[in-house]
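Asks: What follows is a single structure, and I will ask about it in a moment.
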Amino acid sequence: MKEIPLFLIERLKNQYGEELMKEIVKGFQKKTVTFRINHLKTTLGEIEKVLEEEAILFQKIFWFDDAFLIENKTEEEIRLLDIYKEGKIYLQSLSSMLPVLFLDLEEGMSILDMAAAPGGKTTEIASIYQDKILITACEKNKIRADRLRYNIKKQGVRRATVLESDASKLDEYFSFDSILLDAPCSGSGTLQRENSNSYFKEELIETTKKLQKVLLKKAVQILKPGSTMIYSTCSILEEENELQIEALLNEKLVEVVPLDFPNDIPLLPSKIFGTVVVKPTSLYEGFFIAKLRKR
């Protein structure tokens, strides 16, 4: 792994203290292989049978029955399996699976996935709720939007519409029962990814902060009053997380709905009660999650 940028080490030390900073840096390592099953195309029993027949060692994840940890295969090897090619499973990090689990959704509701590509969380919503949620998946970049469409089709999702548009400029006539804003961010919680350090600059943090602020304000604007939304990032820096939420709280636009979070998931301290910062480890990527209710 490439050396962690010194400016990030200083930011982490200032925010979390030296001991936690060292633990975080240690957690920036190669991730394990994890995936979730797709209920639109398969069952837990079928996937477990296939893995056993292929002599693939796996563990189940205690907080999500759909999630599997693979012990003796690489992602490249998993991609060769028919269950992957047929869209019966979706390779996804454990931390990335978490935000969807805290959405308040019921059959027939509408949700906007504001920054949806490549489609991990969009298809997770469809899988969990058996394609009974009306999903609008937004992505402004054509190449990424095409990838989003591909994954939606591959996973057999029928009630998701791809909106190739800038989510920050959506018209005020839109109104949703729920919103998932897995916001563009610096990726400071995921530096274990290969080559990720090459683009990690201070300028990136400043750029994403501005975009997050705009997206958050738009999300609150088009969320139905009294409804809830999830804001998440794969960053562990407070300026992309707690400080963004704090600005909305100061404007009296939202209130925080405390998350009932699994006890055994490693966490970092958060400056806002009820929000969580997942700690980077060999199993988890760094992630921030907040649940907000529109006043």
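The values are calculated or read from the model by the stated rules, or taken from the named source; none is laboratory data. Here the structure is a predicted model, which means the values were calculated and not measured. When we count neighbours, we look across all protein chains shown, and the Cβ atoms used for this are built from the backbone with ideal geometry, even at glycine. We work out accessible area using only protein heavy atoms, side chains counted, and drop any ligands, DNA or RNA first. Shrake-Rupley method; radii C 1.70, N 1.55, O 1.52, S 1.80 Å.
Asks: Please verify whether the range 38-56 includes one or more residues that are under 22 Å from Val278 (Cβ atoms) and touching a helix residue (DSSP H, G or I) at 6+ places or on another chain (Cβ under 7 Å). It would help to see each step written out before you state the result.
Replies: Taking the range 38-56 first, the residues under 22 Å from Val278 (Cβ atoms) are none.
Scanning the range 38-56 turns up no residue that is under 22 Å from Val278 (Cβ atoms) and touching a helix residue (DSSP H, G or I) at 6+ places or on another chain (Cβ under 7 Å).
Asks: Assuming Leu243 fulfils every condition listed in (1) within 21 Å of Gln29 (Cβ to Cβ); (2) surrounded by 15 or more Cβ atoms within 10 Å (Cβ to Cβ) apart from one, which condition is it?
Replies: Failing condition for Leu243: (1).
Asks: Shifting gears a bit: Just wondering, is there one or more residues in the range 201-212 that are part of a strand (DSSP E or B), open to solvent by less than 10 Å² (accessible area, probe 1.4 Å) and either touching a helix residue (DSSP H, G or I) at 6+ places or on another chain (Cβ under 8 Å) or in contact (Cβ under 8 Å) with a residue 12 or more places away in the chain (or both)? Working first, answer last.
Replies: Keep residues of the range 201-212 that are part of a strand (DSSP E or B), which gives none.
Within the range 201-212 (the criterion being part of a strand (DSSP E or B), open to solvent by less than 10 Å² (accessible area, probe 1.4 Å) and either touching a helix residue (DSSP H, G or I) at 6+ places or on another chain (Cβ under 8 Å) or in contact (Cβ under 8 Å) with a residue 12 or more places away in the chain (or both)), the answer is no, since none of the residues qualifies.
Asks: Pairs needed: first member in the range 18-31, in contact (Cβ under 8 Å) with a residue 40 or more places away in the chain; second member anywhere, open to solvent by less than 100 Å² (accessible area, probe 1.4 Å) and part of a helix (DSSP H, G or I); C-beta distance under 8 Å; at least 6 residues apart or different chains.
Replies: If the second residue must be open to solvent by less than 100 Å² (accessible area, probe 1.4 Å) and part of a helix (DSSP H, G or I), the pairs left are Leu20/Leu12; Ile24/Leu12; Ile24/Tyr16.
Asks: May I pose another question? Taking the condition of being of a type in the set (D, E, K, R), free of Cβ contacts under 8 Å to residues at least 60 places away in the same chain and closer than 27 Å to Ile265 by Cβ, how many residues in the range 53-75 meet it?
Replies: 5
Asks: Kindly provide the set of residues from the range 47-63 that are under 26 Å from the mean Cα position of the chain (by Cα) and open to solvent by 50 Å² or more (accessible area, probe 1.4 Å), ordered by number.
Replies: Listed by number, the residues that qualify are Glu48, Leu57, Phe58, Gln59, Lys60, Phe62.
Asks: Can you tell me which residues in the range 25-45 are aliphatic (A, V, I, L, M) and more than 30 Å from Ile125 (Cβ to Cβ)?
Replies: Correct list: Val25 only.
Asks: Next question, about the same structure. How many residues does the range 252-276 hold that are without any contact (Cβ under 8 Å) to a residue 60 or more places away in the chain and under 20 Å from Thr32 (Cβ atoms)?
Replies: 2
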